[in-house]
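In what follows, a structure is listed as structure tokens, so that the remarks can point back to it.
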Amino acid sequence: HPSLAFGDQWDTEAQAALSRDVAAKMGYSFDNGRLDVSTHPFTGGAGPQDVRMTTRYSANWAEGFGATIHECGHALYEQGRDVGDEGLGLPASRALSMGVHESQSLLWERMVLQSKPFWEFAAPLFHARFPFTAEATAADFFRTYNRVS
């Protein structure tokens, strides 16, 4: 859809607000973390009670939005670790490996973000932040995000 073309119309502050909104809807706790901007997206922190994500925003809205979903997958894995009395010392209390970590971020990026149901959820959120996309359907977002060139 023409309204989804990359360009300067994609205000970075509105992209940041959308990313925060979607991360919260995914289950990310901003009480135990934050989302900031950096040159290269990453997730880190001191443990489940302090999980920090970064992403970037540009005229290519799909890049920043996709990075946010991917990093949120890492962050949800970290915030979900059980460090309470029952879980302490068990495998659920530790980040087991980068392989497990990456599997969680890729689950969100590849299986959720690239699905039609996700765009049925996300399209209205884009419409609210970017009114110029109002005529773009969930299917248009899905095709734009999953384009093959």
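Only the coordinates and a few stated rules stand behind these numbers; no lab work does. The structure presented is a predicted model; accordingly, all values stated were derived computationally and were not measured. Counting neighbours? That spans all protein chains shown, and the Cβs are built from the backbone with ideal geometry, glycine included.
Results, tabulated for the structure shown:
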quantity: Theoretical gain in end-to-end length, Leu125 to His101 [0.36 nm per residue, Cα-Cα removed]; calculated: 5.9 nm
quantity: Overall Cα dimensions of region 47-119, principal axis frame, Å, largest first; calculated: 45, 23, 20
quantity: Modelled FRET efficiency - R0 41 Å, Ser115 with Ala17, Cβ distances, 0.05 increments; calculated: 0.95
quantity: 25 °C / 0.890 mPa s Stokes-Einstein diffusion coefficient of region 1-133, Kirkwood radius on C-alpha pairs, µm²/s; calculated: 159
quantity: Distance (nanometres) between label positions extended 7 Å along Cα→Cβ at Asp8 and Ala46; calculated: 4.3
quantity: Local net charge near Ala95, Cβ-Cβ under 13 Å (Lys/Arg +1, Asp/Glu -1); calculated: -1
quantity: Over region 11-70, volume per residue of the alpha carbon convex hull, in Å³; calculated: 71
quantity: Local electrostatic count at Leu125 - Lys and Arg +1, Asp and Glu -1, tallied over other residues with Cβ under 10 Å; calculated: +1
quantity: Estimated vicinal HN-Hα couplings, Hz - region 83-93 in sequence order (Karplus 6.51, -1.76, 1.60; Gly, Pro = x); calculated: 10, x, 4, 6, x, 4, x, 8, x, 5, 9
